[in-house]
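One structure is given below, encoded as structure tokens.
What follows is calculated from the coordinates using simple rules that are stated; it is not laboratory data. Because the structure is predicted, anything quoted here is derived from the model rather than measured. Don't worry about glycine lacking a Cβ; one is built from the backbone with ideal geometry, like all the others, and counts go over all protein chains shown.
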Amino acid sequence: MTDPGDLDALIAAVPWLLGIDIRPEWRDAVRQHLSVSIDHARNVSELPLPLPDEAEPAPVFKA
Amino acid sequence: MSFATAAEIAADVAAGRRSATEIVASALARIARLNPRLNAFTAVTADRARARAGAIDAGQVTGPLAGVPFAVKNLFDIAGLPTVAGSKINRDHPPAIADATLITRLEAAGAVLVGALNMGEYAYDFTGENCHDGPSRNPHDTARMTGGSSGGSGGAVAGGLVPIALGSDTNGSIRVPSSFCGLFGLKPTYGRLPRTGSFPFVASLDHLGPLARTTGDLALAYDAMQGPHPADPACAGRPVEPVAGLVGRGAAGLRIATASGHFRAGAMPEALSAVDAVAATLGVARTIEIPEAARARSAAYVITAAEGAALHLGRLRERAHDFDPDVRDRLIAGALIPAVMVVAAQKFRRWYREAVLRLFDGVDAILAPATPCVAPAIGQKTLMLDGREVPLRPNIGIYTQPISLIGLPVVAVPVPLAGGLPIGVQIITAPWREDIALRIAYDLETAGIVRAPLPPE
């Protein structure tokens, strides 16, 4: 489980790069949602995929 | 006549027993009477509908849906109206200059658009609640959610306001309101129906489709909407493959299994008993494990958050305070997910697709719950699953997300329960085999185990 407090540095650093203003009263909810998303992302990446490096991420672009 | 099916209405109009004008007037009167209670419609296109009905009665429009009223989730473009997509921000958009492709196709088959329907903001929702327009309300119990994000679509059809509504489904937004409102819902294969003229959410997951009160009506609407469209890059170039004439073939000879593992964990008893009742009716004893379904749900969660944030980044910069706070905070969080994690989810998706498609070498269809519970109360924030209290909103889609992640077609069928509320079961098939799912749904409907229950008036 991601400790929401561990995400404070990310939440403090990235929004200026994206041009987003996170008001102080929104911060707790954003932190909680980001914690859940990071847990899901870690859950996905824990599975060692038997895919070659060349395998395309889905979806692929059709020319 | 309020709960007449689209097929019955079209047959009456074709035989001259009723006029389209009479039917549309009846639908508009019912909307005026019941919408204050159900909050399903956000716009009613009465003048347009009357004019269209007149053209049908004058013989200028014919087709298999002639005279059938329908309505669309308000993320579909309707010429002359801004496409609000459940938001406050989009109300400032100029009116759409043309109808969405699926509206054009349904009207070409004779159907009559009567309005636009309530939805969760920007479709990032499973509840049908909306902080700008108020919640859509479940006709079976107006204190309960319709499910979302196509909440108005569920409420309008379940309440007998229209026999057919269109919704969108990115992570379950057709199947969830079908389950909570007791309807048949079709989420076709990804790329089957063109999304041209609809407001997007997550491009690689967005599907459009119909909700109705019978399998036959789903098939009629679906057939009228099929076919490629060059303006939707994800729309496949497949020809129209009509199903209305096939649904009566039944399920005999089909290989069907019930999903195990993830799709049995975390469900309330009524969700499991509905699946088991459907399986028993079909004589299905076999179970099948969809590999890594929980991870598939996680991948859908991550991709949705990141792609949704990318779509709305400009609005988050300029008008963050005008979002529904629940939607805004999730989108901001989505913008902060490291890119490598999103690409990893897309790579997992490749593996998962190949693994699941292999299952269809041995089965033709898989049964699974549509939702873990019946419709919760409006405003409810948590849910008890497996004895644990968990946040409600993200957990409504635990059984739908692993399926739409790889674009499989699904028909959600309604099982009426003794307590009065319905719950849905997913019939999942291989890509492009909507016909098989609809055949099974029709068989179950004929057997009486699934049906759209009538709500209290």
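In debye, nearest 20, what is the charge dipole magnitude of chain B about its Cα centre with +1 on Lys and Arg Cβ and -1 on Asp and Glu Cβ, if you could check?
Working: 42 positive and 40 negative charges, 75 e Å.
Here the size comes out at about 360 debye.
Place a point 7 Å from the Cα of B:Arg255 along the Cα-to-Cβ direction; which residues of the stretch B:356-384 have their backbone N under 13 Å from it? Hits in the stretch B:356-384 for B:Arg255 at 13 Å: B:358-366. Counting, for every residue in B:321-331, the Cβ atoms of other protein chains within 10 Å of its Cβ and taking the mean gives 3.
Could you list B:Met384, B:Met119 so that the one with the fewest beta carbons within 10 Å of its beta carbon is first and the one with the most is last? Please report the intermediate quantities before stating the final value.
Working: B:Met384 11, B:Met119 33.
The fewest-first ordering by Cβ neighbours comes to B:Met384, B:Met119.
Which whole number gives the average, over all residues in B:288-299, of C-beta atoms from other chains lying within 10 Å of the residue C-beta? Taking all residues of B:288-299 together, the mean is 3.
Taking Cα pairs under 8 Å and at least six residues apart, what relative contact order does chain B come out at, in percent?
Working: 1123 pairs, mean separation 78.8, N = 457.
Value for chain B: 17 percent.
Start at zero, step by 10 Å, and the Cα-Cα distances of chain B spread as 5, 23, 35, 26, 10, 1, 0 percent across the bins. What's the angle, to the nearest 10 degrees (0 to 90), between helix A:27-45's Cα axis and the longest principal axis of chain A? Long axis of A:27-45 versus the principal axis of chain A: about 20 degrees.
For the stretch B:38-137, the Cα gyration tensor yields ellipsoid semi-axes of 27, 14, 11 Å (square root of five times each eigenvalue, largest first, whole Å).
Would you please state which residues of the stretch B:279-304 a label at A:Asp39 would reach in this model, taking the label point 7 Å out along Cα→Cβ and a backbone N cut-off of under 17 Å? Of the residues in the stretch B:279-304, B:294-303 have backbone N under 17 Å from the label point off A:Asp39.
Using per-residue counts of other Cβ atoms within 10 Å, averaged over each peptide, order B:446-454, B:371-379, B:206-214, B:353-361 from highest down.
Working: B:446-454: 17.8, B:371-379: 21.6, B:206-214: 26.9, B:353-361: 14.8.
Result, highest mean first: B:206-214, B:371-379, B:446-454, B:353-361.
Determine, from the Cβ-Cβ distance of A:Thr2 and B:Met384 and an R0 of 30 Å, the FRET efficiency 1/(1 + (r/R0)^6), rounded to the nearest 0.05.
Working: r = 24 Å, r/R0 = 0.79.
For R0 = 30 Å, the calculated efficiency reads 0.80.
Axis of helix A:8-18 versus longest Cα principal axis of chain A: the two differ by about 80°, to the nearest ten degrees. Quick note on the stretch B:308-362: its Rg to Rh ratio, both from C-alpha atoms and Rh being the Kirkwood radius, is 1.23. Structural size metrics of the stretch B:1-83, computed from C-alpha coordinates, are Rg and Dmax of 13.1, 37 Å. Counting Cβ atoms of other protein chains within 10 Å of each Cβ in A:21-31 and taking the mean gives 4.
Taking every DSSP beta bridge that has both ends in chain B, the antiparallel portion is near 70%.
Computed over every Cα-Cα pair of the stretch B:168-323 and binned at 5 Å starting from 0, the pair-distance distribution P(r) comes out as 1, 8, 12, 15, 19, 18, 14, 8, 3, 2, 1, 0 percent. For the stretch B:1-119, the share of DSSP beta bridges that are antiparallel, to the nearest 5, is 35%. Pull out a ≥ b ≥ c, the square roots of the eigenvalues of the alpha-carbon gyration tensor of the stretch B:364-457, then state rounded if a/c is under 1.5, prolate if not and a/b is larger than b/c, and oblate in the remaining case. It is oblate, given that a/c is not under 1.5 and a/b is not larger than b/c.
Equivalent-ellipsoid semi-axes (√(5λ), Cα gyration tensor) for the protein assembly as shown, whole Å, largest first?
34, 27, 22
Where does the charge balance sit around B:Ile256 when Lys and Arg score +1, Asp and Glu -1, over other residues with C-beta under 12 Å from its C-beta? Don't jump to the answer; show the numbers that get you there.
Working: positive: B:Arg255, B:Arg286, B:Arg439; negative: B:Asp364, B:Asp443.
So the environment of B:Ile256 carries a net charge of +1.
Separation of the stretch B:161-178 from the stretch B:26-98 is 16 Å, based on Cα centroids. When DSSP beta bridges are restricted to pairs lying wholly in the protein assembly as shown, around 70% turn out antiparallel.
The stretch B:223-266 and the stretch A:14-46 have their alpha-carbon centroids 36 Å apart.
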